Every structure is written in C-alpha cells, then in structure tokens.
Amino acid sequence: MNDMNNVDVSVIMPAYKQAKYLEQAIFSVLDQVFSGVLELILADDKSPDDTEAIVRKIIETHPKGSAIVYFRNEPNLGMAKNYHKALSVAKGRYLAFCEGDDYWSDPYKTQKQFDFLESHPDYNTCVGRYKFLFEEEQRFEENRELFDISKPLSLKNYLAFNFGHTTTFFIRNNFKLPEWVDNWVFSVDQCLIIYGTGEGKIKYFEDFLTVYRMHQKNQTSNAAAETHSANNLRFLENVNKDLGGKYERLIDNRKKLNTFYWNLVQQSNPVMKLVLKARYVWQRWYGINVLAKKGA
C-alpha cells in the first residue's frame, strides 16, 4: 500500500453520522490481505459527530493509515453528490465500496475480486453474498437470491431485479455516472452497477464477503414511501432513456415491481398485504425467469 501513484483499487467510503461504527468499517478495508496497492477514499459529508477525529487518529496510528485519502465537505453535499465527488478523485483501476456503518467480513475480498477481473477481461463487475446484521437484536441473516448465482450474469439480469449489496461491488473504473444521478439519493448503488457493467458480464461470488448493518435509519417510513416510489420511477425512466430503450420491457416490469413494493410498505390491511406480496413475488419471478432470459 505504499506506492499511491499506481493505485490498483480505490475503496469509496461515504460517512455521515456513523462515528459509532466507522472504526470497524475502516479497519475492515485497511486490514485486507492484498498484494496490490489500495487507497481508501473517506468522504466525510460534514458529519456532525467525531468522524474527522476518528479518521485522523487512524491515519496517524494505523500501519496502513497513509492509504486513507480523507476529505470533509463544506457544506454538506448529500449522499449522491458525495459519491460523485469521491469517484472523481479515485485513482484506482478498480472501484470498491463500503459505507461507514457496514464492514467487510472477508479479509481476502479485495484479492479475490481483483484476481478475477484481472484474468477475465469480458467481465466488468463483481458482486458477492453478504449478511444482514440487525443491530438492535445483534442477529445475522444471510442474503438469498431467486436465481442461479454460479452462472455468468449481465446487465439484463440486474435490470430484471437489482441484486447484491454496495459493499460487495467491485467494478472497473472506466465509466462515469450521468449528472442526473446527483438528484437520486436512493439509486446511486444501482447506477454503479448499471453504468459500470455496460456490455460486460457480472460475476457473483458465492462467498460471504461483507456485512450490511440494519438499524432504524435503514427503515423507510410510510410518510416517505410515496416520494421514494416517485423518485424510483423517474430513475428507471432515465435509465431506459440512457440505454436507448434496449431493455424497455425489463424496465417496465421493474416499474411495476416498484409500485407493488411501495404500496406494500404503506398497506395496513393484512389481506391486502398478502395480495400485494403475491403480486410482487410473481412480478419479480417473471422478470428474472422470463424477461431476462428473453433478453428483453
């Protein structure tokens, strides 16, 4: 991790009000067993806690602290613009991600994904399995997918139903996010895969690589559901336009999924919840197992 002029991997770590968990997140990246050069871009979005003090102490005391590239926004930019800024300074040939309240659980994550993309030029993206950590209960739960993750995947599979978690992403640094992404806080992760994958393939590692921490802030209130639903629909419309309508049927199916999901979030009637859940599951299955296989 010494030659920062020839960076192999840039890890993007946005941080805001996550001081309680930040040290674990940073150490999980710095302590990776990796033969190449890694930089950790810590993007502090003017967090009103001890984020800056924690980061500066680690830079001074950790054996690999010099790998941290730290900046603090003045004023606060918001999640999407903070991501954009961090990406703009990334020097690595590959990009990886870990938010300040999550962490990497596999010390060989970087090496595994780096080696794979180095030896498979037809792939642009890697993801992997992960575990949910329910903070209040201190309980772990493994993620599951509704398709065979051992096979090569592509953009159409991701458009059928977004899979993986941001913490597991590993992407070639040869793309740019469209400027409109700055206005879509809850779709930055999907845009990373969509625009980073392009015409390439996606490798889904069967190993558990990371931990996604679930606590109260991760849960969307009913009051915000309608706003999120409308934003997601506009996000999908923008993606469809950028892709020239090539996957319009898949994206239309995702719009239906979006509507069912947010209606389900807001629904209080138990019978209607069951009906909406059944429609949601069927629509998801149809996208994954019918439309994606047709190349819609």
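Measure off 7 Å from each Cα along the Cα-to-Cβ vector at residue 115 and residue 289, then give the distance between these two points in nanometres to one decimal.
Label-label distance for residue 115 and residue 289, simple model: 3.5 nm.
What order do you get for 8-14, 121-127, 241-247 when each peptide is scored by the mean count of other beta carbon atoms within 10 Å, highest first?
Listed from highest to lowest mean packing, they are 8-14, 121-127, 241-247.
Once you place label points 7 Å from the Cα toward the Cβ at residue 150 and residue 268, how far apart are they in nm?
With each label point 7 Å from Cα toward Cβ, the separation is 4.8 nm.
Calculate how steeply helix 79-89 sits against the longest principal axis of the alpha-carbon atoms of the chain, using the helix alpha-carbon long axis, and give the answer as 0 to 90 degrees to the nearest 10.
Approximately 50 degrees, to the nearest ten.
Let me check against my output: what whole-number percent is the relative contact order of the range 222-294, with C-alpha pairs under 8 Å and at least 6 apart?
33 percent.
If you bin every alpha carbon distance in the range 222-294 into 5 Å steps from zero, what whole percent lands in each bin?
3, 17, 23, 22, 19, 10, 5, 1, 0
Gain in length, residue 281 to residue 74, computed as 0.36 nm per residue apart minus the alpha-carbon separation, to one decimal in nm?
Working: separation 207, 0.36 × 207 = 74.52 nm, distance 4.35 nm.
Gain in length upon complete extension: 70.2 nm.
From the list (1) 19.0, 65; (2) 19.1, 60; (3) 22.1, 72, can you say which value of Rg and Dmax of the Cα atoms in Å was derived from the structure given?
(2)
Distance cut-off 28 Å, Cα to Cα: go down the list 131/294; 57/91; 64/151; 109/277; 156/277 and report the pairs above it.
Exceeds cut-off: 131/294; 64/151; 109/277.
Please compute the contact order of the chain in relative form: average sequence separation of alpha-carbon pairs under 8 Å and at least six residues apart, divided by the residue count, as a percent. List each step's numbers first, then the result.
Details: 536 pairs, mean separation 55.7, N = 296.
Contact order relative to length: 19 percent.
How much length would be gained if the chain were fully extended between residue 57 and residue 255, taking 0.36 nm per residue of separation minus their Cα-Cα distance, in nm to one decimal?
My answer for the length gained is 66.7 nm.
At R0 = 35 Å, how high is the FRET efficiency between residue 143 and residue 242 if r is their beta carbon distance? Nearest 0.05 is fine.
Result of the calculation: an efficiency of 0.80.
Against the longest principal axis of the chain, how steep is helix 109-119, in degrees 0 to 90 to the nearest 10, with axes from Cα atoms?
80
Every read-out reported here was derived from the displayed coordinates using simple, explicitly stated rules and does not represent laboratory data. Everything numeric here is computed off the predicted structure, so don't read it as measured data. With ideal geometry, Cβ positions are generated from the backbone for all residues, glycine too; neighbour counts draw on all protein chains shown.
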